[in-house]
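J.: Okay, handing you the structure first.
The values are calculated or read from the model by the stated rules, or taken from the named source; none is laboratory data. Keep in mind that this is a model prediction, so the values were computed, not measured. Positions of Cβ are backbone-derived with ideal geometry, glycine not excepted, and every protein chain shown enters the neighbour counts.
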Amino acid sequence: MRSLTTDLEALGAQEVLAHAVEEHHPRMALACSFQKEEAVLVHMLLGLAPEARVFTIDTGVLFPETYATWRELEQRTGVEVEVIDALSRDGRPWGAERCCGQRKVAALEAMLGGLDAWVTGLRREQSPTRAAAPKLGWDERHGLWKVSPLADWTEDRVWEYLNEHDLPYNPLHDRGYASIGCAPCTLPGSGREGRWAGQDKTECGLHSP
(Lines give C-alpha, C1' and ligand atoms only; values in the text may rest on other atoms or scores of the structure.)
Protein backbone atom coordinates (compact mmCIF):
# COMPACT_ATOMS: atom_id res chain seq x y z
CA MET A 1 0.00 0.00 0.00
CA ARG A 2 2.98 2.27 0.59
CA SER A 3 3.86 1.88 -3.10
CA LEU A 4 0.35 2.95 -4.11
CA THR A 5 0.36 6.10 -1.99
CA THR A 6 3.85 6.97 -3.28
CA ASP A 7 2.81 6.45 -6.90
CA LEU A 8 -0.21 8.71 -6.48
CA GLU A 9 2.02 11.57 -5.33
CA ALA A 10 3.22 11.94 -8.92
CA LEU A 11 -0.31 12.26 -10.30
CA GLY A 12 -2.36 15.40 -10.82
CA ALA A 13 -5.38 16.29 -8.70
CA GLN A 14 -7.98 14.98 -11.14
CA GLU A 15 -6.08 11.71 -11.59
CA VAL A 16 -5.88 11.21 -7.82
CA LEU A 17 -9.59 11.91 -7.53
CA ALA A 18 -10.36 9.54 -10.43
CA HIS A 19 -8.44 6.78 -8.65
CA ALA A 20 -10.40 7.41 -5.46
CA VAL A 21 -13.70 7.31 -7.34
CA GLU A 22 -12.76 4.05 -9.06
CA GLU A 23 -11.71 2.41 -5.80
CA HIS A 24 -14.25 3.77 -3.32
CA HIS A 25 -17.34 5.29 -4.94
CA PRO A 26 -20.11 5.28 -3.73
CA ARG A 27 -18.67 4.71 -0.24
CA MET A 28 -16.78 7.99 -0.43
CA ALA A 29 -17.77 11.60 0.24
CA LEU A 30 -16.28 15.06 -0.04
CA ALA A 31 -16.14 17.18 3.10
CA CYS A 32 -17.17 20.69 2.10
CA SER A 33 -16.72 23.88 4.13
CA PHE A 34 -17.51 26.14 1.14
CA GLN A 35 -14.02 27.52 0.82
CA LYS A 36 -12.36 27.97 -2.55
CA GLU A 37 -10.67 24.56 -2.48
CA GLU A 38 -14.01 22.77 -2.13
CA ALA A 39 -15.45 24.68 -5.09
CA VAL A 40 -12.62 23.18 -7.16
CA LEU A 41 -13.16 19.69 -5.77
CA VAL A 42 -16.94 19.71 -6.17
CA HIS A 43 -16.48 20.63 -9.83
CA MET A 44 -13.85 17.92 -10.38
CA LEU A 45 -15.71 15.24 -8.47
CA LEU A 46 -19.08 15.76 -10.14
CA GLY A 47 -17.34 15.61 -13.52
CA LEU A 48 -16.13 12.12 -12.61
CA ALA A 49 -19.19 10.90 -10.69
CA PRO A 50 -22.28 13.14 -11.01
CA GLU A 51 -24.01 11.32 -8.14
CA ALA A 52 -21.02 11.66 -5.77
CA ARG A 53 -21.74 12.55 -2.15
CA VAL A 54 -20.83 15.94 -0.71
CA PHE A 55 -21.40 16.77 2.95
CA THR A 56 -20.96 19.71 5.30
CA ILE A 57 -20.99 20.14 9.06
CA ASP A 58 -23.35 22.95 10.04
CA THR A 59 -22.58 24.56 13.39
CA GLY A 60 -25.28 27.19 12.98
CA VAL A 61 -22.69 29.95 13.36
CA LEU A 62 -21.19 30.02 9.88
CA PHE A 63 -20.83 33.35 8.12
CA PRO A 64 -23.86 34.57 6.12
CA GLU A 65 -21.54 34.60 3.10
CA THR A 66 -20.82 30.92 3.65
CA TYR A 67 -24.51 30.02 3.68
CA ALA A 68 -24.97 32.10 0.51
CA THR A 69 -22.05 30.30 -1.17
CA TRP A 70 -23.59 26.99 -0.13
CA ARG A 71 -26.86 27.87 -1.87
CA GLU A 72 -25.10 29.12 -4.99
CA LEU A 73 -22.91 26.05 -5.27
CA GLU A 74 -25.95 23.78 -5.10
CA GLN A 75 -27.79 25.86 -7.70
CA ARG A 76 -24.85 26.07 -10.08
CA THR A 77 -23.72 22.43 -9.90
CA GLY A 78 -26.93 20.58 -9.06
CA VAL A 79 -25.31 18.87 -6.07
CA GLU A 80 -27.42 18.29 -2.96
CA VAL A 81 -25.11 18.79 -0.02
CA GLU A 82 -25.76 16.43 2.88
CA VAL A 83 -25.96 18.30 6.18
CA ILE A 84 -24.47 16.92 9.37
CA ASP A 85 -25.92 18.84 12.31
CA ALA A 86 -23.49 20.19 14.92
CA LEU A 87 -25.73 22.96 16.25
CA SER A 88 -25.77 23.81 19.94
CA ARG A 89 -29.18 23.49 21.54
CA ASP A 90 -28.28 23.28 25.23
CA GLY A 91 -27.86 27.01 25.80
CA ARG A 92 -24.23 26.67 26.83
CA PRO A 93 -21.77 29.17 25.31
CA TRP A 94 -19.81 28.25 22.25
CA GLY A 95 -16.04 27.93 22.43
CA ALA A 96 -13.31 26.57 20.20
CA GLU A 97 -12.92 23.37 22.20
CA ARG A 98 -16.63 22.63 22.48
CA CYS A 99 -17.23 23.35 18.80
CA CYS A 100 -14.09 22.12 17.05
CA GLY A 101 -13.09 19.57 19.64
CA GLN A 102 -16.47 18.05 20.44
CA ARG A 103 -19.47 18.90 18.28
CA LYS A 104 -17.78 19.00 14.89
CA VAL A 105 -15.70 15.93 15.63
CA ALA A 106 -18.76 13.95 16.73
CA ALA A 107 -20.63 15.06 13.61
CA LEU A 108 -17.72 14.05 11.37
CA GLU A 109 -17.40 10.65 12.99
CA ALA A 110 -21.11 10.01 12.50
CA MET A 111 -20.71 10.75 8.79
CA LEU A 112 -17.49 8.82 8.21
CA GLY A 113 -18.74 5.73 9.97
CA GLY A 114 -20.36 4.40 6.82
CA LEU A 115 -17.60 5.31 4.37
CA ASP A 116 -14.40 3.79 2.99
CA ALA A 117 -12.81 7.15 2.06
CA TRP A 118 -13.29 10.88 2.44
CA VAL A 119 -12.02 13.73 0.29
CA THR A 120 -10.65 16.97 1.75
CA GLY A 121 -9.39 20.30 0.44
CA LEU A 122 -6.17 20.24 2.48
CA ARG A 123 -3.15 21.93 0.88
CA ARG A 124 0.38 21.71 2.17
CA GLU A 125 1.11 25.41 1.96
CA GLN A 126 -1.85 26.30 4.17
CA SER A 127 0.06 25.75 7.41
CA PRO A 128 3.04 23.91 8.94
CA THR A 129 0.65 21.31 10.37
CA ARG A 130 -0.38 20.41 6.82
CA ALA A 131 3.05 20.58 5.17
CA ALA A 132 3.36 16.79 4.95
CA ALA A 133 -0.26 16.01 4.01
CA PRO A 134 -0.27 13.13 1.48
CA LYS A 135 -2.56 13.03 -1.52
CA LEU A 136 -3.72 9.64 -0.28
CA GLY A 137 -3.18 8.37 3.24
CA TRP A 138 -4.71 6.04 5.75
CA ASP A 139 -6.70 7.98 8.36
CA GLU A 140 -5.88 5.92 11.42
CA ARG A 141 -8.11 7.96 13.69
CA HIS A 142 -11.25 7.31 11.66
CA GLY A 143 -10.31 4.01 10.04
CA LEU A 144 -10.64 4.92 6.36
CA TRP A 145 -8.73 6.50 3.47
CA LYS A 146 -8.25 10.25 3.37
CA VAL A 147 -7.85 11.78 -0.07
CA SER A 148 -6.42 15.29 -0.52
CA PRO A 149 -6.04 15.78 -4.29
CA LEU A 150 -5.01 19.44 -3.97
CA ALA A 151 -2.25 18.76 -1.42
CA ASP A 152 0.51 20.12 -3.67
CA TRP A 153 -1.51 22.96 -5.20
CA THR A 154 -0.51 26.57 -4.63
CA GLU A 155 -2.93 29.39 -3.86
CA ASP A 156 -2.43 30.70 -7.40
CA ARG A 157 -3.30 27.32 -8.91
CA VAL A 158 -6.59 27.25 -7.00
CA TRP A 159 -7.54 30.70 -8.26
CA GLU A 160 -6.55 29.77 -11.82
CA TYR A 161 -8.90 26.80 -11.75
CA LEU A 162 -11.76 28.83 -10.28
CA ASN A 163 -11.39 31.52 -12.92
CA GLU A 164 -10.92 29.03 -15.76
CA HIS A 165 -14.21 27.29 -14.93
CA ASP A 166 -16.06 30.36 -13.63
CA LEU A 167 -16.89 28.66 -10.33
CA PRO A 168 -18.66 30.29 -7.38
CA TYR A 169 -16.54 30.85 -4.29
CA ASN A 170 -16.92 32.38 -0.85
CA PRO A 171 -16.66 36.21 -1.20
CA LEU A 172 -14.91 36.38 2.18
CA HIS A 173 -11.76 35.29 0.35
CA ASP A 174 -11.84 38.65 -1.43
CA ARG A 175 -11.93 40.41 1.95
CA GLY A 176 -8.73 38.93 3.30
CA TYR A 177 -10.04 35.67 4.77
CA ALA A 178 -7.67 32.95 3.57
CA SER A 179 -9.25 30.29 5.80
CA ILE A 180 -12.94 30.43 6.66
CA GLY A 181 -14.56 28.64 9.57
CA CYS A 182 -17.23 29.65 12.06
CA ALA A 183 -17.89 33.38 12.42
CA PRO A 184 -17.01 33.66 16.15
CA CYS A 185 -13.55 32.12 15.65
CA THR A 186 -12.43 33.53 12.29
CA LEU A 187 -10.70 36.79 11.37
CA PRO A 188 -9.02 37.94 8.16
CA GLY A 189 -5.48 36.68 7.72
CA SER A 190 -3.17 34.79 5.41
CA GLY A 191 -2.78 31.02 5.61
CA ARG A 192 -4.65 29.90 8.73
CA GLU A 193 -3.55 32.75 10.98
CA GLY A 194 -7.07 34.17 11.04
CA ARG A 195 -8.46 31.03 12.68
CA TRP A 196 -8.72 31.03 16.49
CA ALA A 197 -6.78 34.32 16.67
CA GLY A 198 -5.23 34.83 20.09
CA GLN A 199 -5.56 31.16 21.01
CA ASP A 200 -2.96 28.42 21.12
CA LYS A 201 -4.75 26.45 18.45
CA THR A 202 -3.82 25.72 14.82
CA GLU A 203 -6.20 22.93 13.77
CA CYS A 204 -9.79 22.03 14.44
CA GLY A 205 -10.46 18.49 15.57
CA LEU A 206 -11.43 17.38 12.07
CA HIS A 207 -7.84 17.17 10.85
CA SER A 208 -5.94 16.64 14.08
CA PRO A 209 -3.93 13.39 14.24
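J.: Quick one: in region 172-184, which of the residues that are within 17 Å of the chain's Cα centre (by Cα) and either modelled with pLDDT of 95 or more or assigned to a helix (DSSP H, G or I) (or both) is surrounded by the most Cβ atoms within 10 Å (Cβ to Cβ)?
T.: From region 172-184, those within 17 Å of the chain's Cα centre (by Cα) are 172-173, 177-183; that's our starting set.
So of that shortlist, the ones also either modelled with pLDDT of 95 or more or assigned to a helix (DSSP H, G or I) (or both) come out as 172-173, 183.
Numbers: Leu172: 23, His173: 20, Ala183: 14.
Per the criteria, the residue is Leu172.
J.: Hey, among the residues in region 189-200 that are part of a loop (DSSP other than H, G, I, E, B) and surrounded by 14 or more Cβ atoms within 10 Å (Cβ to Cβ), which one's modelled with the highest pLDDT? Show your work before the answer.
T.: Taking region 189-200 as the starting set, the residues that turn out to be part of a loop (DSSP other than H, G, I, E, B) are 190-194, 196-200.
Of the ones still in play, those that are also surrounded by 14 or more Cβ atoms within 10 Å (Cβ to Cβ) are 191-194, 196.
Details: Gly191: 58, Arg192: 48, Glu193: 54, Gly194: 46, Trp196: 43.
Filtering region 189-200 for residues that are part of a loop (DSSP other than H, G, I, E, B) and surrounded by 14 or more Cβ atoms within 10 Å (Cβ to Cβ), the one modelled with the highest pLDDT comes out as Gly191.
J.: Could you check region 133-144 and list, in sequence order, the residues that are of a type in the set (A, V, I, L, M, F, W, C) and out of contact with any helix residue (DSSP H, G or I) (no Cβ under 7 Å at 6 or more places or on another chain)? Break it down into steps so the answer makes sense when it comes.
T.: First, pick out the residues of region 133-144 that are of a type in the set (A, V, I, L, M, F, W, C): 133, 136, 138, 144.
Hit for region 133-144 is Trp138, nothing else.
J.: In region 139-187, what residues are under 19 Å from Gln14 (Cα atoms), among the hydrophobic types (A, V, I, L, M, F, W, C) and in contact with a strand residue (DSSP E or B) (Cβ under 6 Å, 6 or more places away or on another chain)?
T.: Trp145, Val147
J.: Look through region 1-58, keep the residues that are closer than 25 Å to Ala107 by Cβ and hydroxyl-bearing (Ser, Thr, Tyr), and return whichever of them is nearest to the chain's Cα centre (by Cα).
T.: My answer is Ser33.
J.: Select from region 140-151 the residues that are among the charged types (D, E, K, R) and farther than 18 Å from Leu45 by Cβ and write down the one among them that is surrounded by the fewest Cβ atoms within 10 Å (Cβ to Cβ). Step through it out loud before you land on a result.
T.: Quick first cut of region 140-151, residues among the charged types (D, E, K, R) only: 140-141, 146.
Next, from what is left, pick out any that are farther than 18 Å from Leu45 by Cβ: 140-141.
Numbers: Glu140: 9, Arg141: 14.
The residue in question is Glu140.
J.: Here's another thing I want to ask about it. Condition first: modelled with pLDDT of 95 or more and surrounded by fewer than 18 Cβ atoms within 10 Å (Cβ to Cβ). Can you find one or more residues in region 84-95 that meet it? Lay out the reasoning, then the answer.
T.: As a first pass, look at region 84-95 and keep what is modelled with pLDDT of 95 or more: none.
No.
J.: Report, by residue number, each residue of region 150-171 that is closer than 23 Å to Gln75 by Cα, out of contact with any Lys or Arg (no Cβ under 8 Å at 6 or more places or on another chain) and assigned to a helix (DSSP H, G or I). Lay out the reasoning, then the answer.
T.: Quick first cut of region 150-171, residues closer than 23 Å to Gln75 by Cα only: 158-171.
Filter again for out of contact with any Lys or Arg (no Cβ under 8 Å at 6 or more places or on another chain), leaving 160-161, 163-166, 171.
Glu160, Tyr161, Asn163, Glu164, His165, Pro171 - these are the residues of region 150-171 that are closer than 23 Å to Gln75 by Cα, out of contact with any Lys or Arg (no Cβ under 8 Å at 6 or more places or on another chain) and assigned to a helix (DSSP H, G or I).
J.: Taking region 121-139 on its own, how many of its residues are closer than 18 Å to Trp159 by Cα, part of a helix (DSSP H, G or I) and either aliphatic (A, V, I, L, M) or at pLDDT below 95 (or both)?
T.: Final tally of qualifying residues: 2.
Table: residues versus (1) surrounded by fewer than 21 Cβ atoms within 10 Å (Cβ to Cβ); (2) touching a Phe, Trp or Tyr at 6+ places or on another chain (Cβ under 9 Å); (3) modelled with pLDDT of 95 or more; (4) not polar (S, T, N, Q).
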site: Glu22; (1), (2), (3), (4): yes, no, yes, yes
site: Val40; (1), (2), (3), (4): no, yes, yes, yes
site: Leu48; (1), (2), (3), (4): yes, no, yes, yes
site: Val61; (1), (2), (3), (4): yes, yes, no, yes
site: Pro64; (1), (2), (3), (4): yes, no, yes, yes
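J.: A further question on this structure: Which condition breaks for Glu109 when tested against (1) within 28 Å of Pro26 (Cβ to Cβ); (2) touching an Asp or Glu at 6+ places or on another chain (Cβ under 9 Å)?
T.: Here Glu109 clears every test but (2).
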